[in-house]
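The values are calculated or read from the model by the stated rules, or taken from the named source; none is laboratory data. Just so you know, these numbers come straight off a predicted model, no measurement behind them. Note that each Cβ is placed from the backbone with ideal geometry, even for glycine, and that neighbours are counted across all protein chains shown. In case anyone asks, the SASA skips ligands and DNA or RNA and just uses the protein heavy atoms, side chains included. Shrake-Rupley method; radii C 1.70, N 1.55, O 1.52, S 1.80 Å.
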Amino acid sequence: MDNLVELYPVLAKLPAELRDRVLASLKAVTVPAATTLFDERQPCHGFPLVLAGAIRVVKPAANGRELPLYRVLPGESCIISSGCLLGHADYNARGVTETETTLALLPRPLFDELLTQPVFRDFVFHLFSERIADLMQLIEEVAFRKLDQRLAGLLLGKGRLVKATHQQLADELGSVREMVSRLLKGFAEHGLVRIAREQIEIVDAAGLRRIAEG
């Protein structure tokens, strides 16, 4: 719980009696990678506080594809969970652990009570403003940039040696493996990258950057 207060300093700013009740109500749980924590049309039972690991939040489509929305890292929280709690609505996205993840769940009644505290309310709305900015950038990427530009930018952001499968890259881009594989093959033919098993070496970063910038 000491780690929890370090990651979420807003808890230390609460009145002592309320803070003690919050900490007493929380139990840390560790779940393995690739665990679905919540899914569409499921009720939201509380406000997740991530202590270690990462949660990947995606919007699934009927055809099986997924559009990555954002990641929740230690010290952050999920605005979709917040929105569901505030609106008394079910989830409209899916949350899956990327690695082994430890988290605690703040129960709905305590979340509602904490919202009466200006410091906690400011914390929640600050999360909203940050995530909305991220989602607006995602919308701009999907709507106005071609897939080859987005793929080039994604590769450049991962360093010289990218350890990822074509499927993992497709998942991050909200695309399908076949399209990503075809683009990577084209990049390789132009001498921009070198492709190996579950690994992509960037050979010509300047060339990729020109593609990314359009």
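Points to keep in mind about this one:
- Some residue of region 112-132 being touching a residue at least 24 places away in the same chain (Cβ under 8 Å) and among the small types (Gly, Ala, Ser): no
- Candidate set from region 141-166 (those that are free of Cβ contacts under 8 Å to residues at least 12 places away in the same chain and in a helix (DSSP H, G or I)); member that is surrounded by the fewest Cβ atoms within 10 Å (Cβ to Cβ): ALA143
- Filter pass, PRO74 being outside any strand (DSSP E or B) and without any contact (Cβ under 8 Å) to a residue 12 or more places away in the chain: no
- Check on GLN117, open to solvent by 40 Å² or more (accessible area, probe 1.4 Å), in contact with a Leu (Cβ under 7 Å, 6 or more places away or on another chain) and not basic (Lys, Arg): yes
- Of all the criteria given as (1) over 13 Å from the mean Cα position of the chain (by Cα); (2) farther than 23 Å from GLY174 by Cβ, the one not satisfied by CYS84 is (2).
- Under the condition of being in contact with a strand residue (DSSP E or B) (Cβ under 9 Å, 6 or more places away or on another chain) and open to solvent by 100 Å² or more (accessible area, probe 1.4 Å), the residues counted in region 189-214 number 1.
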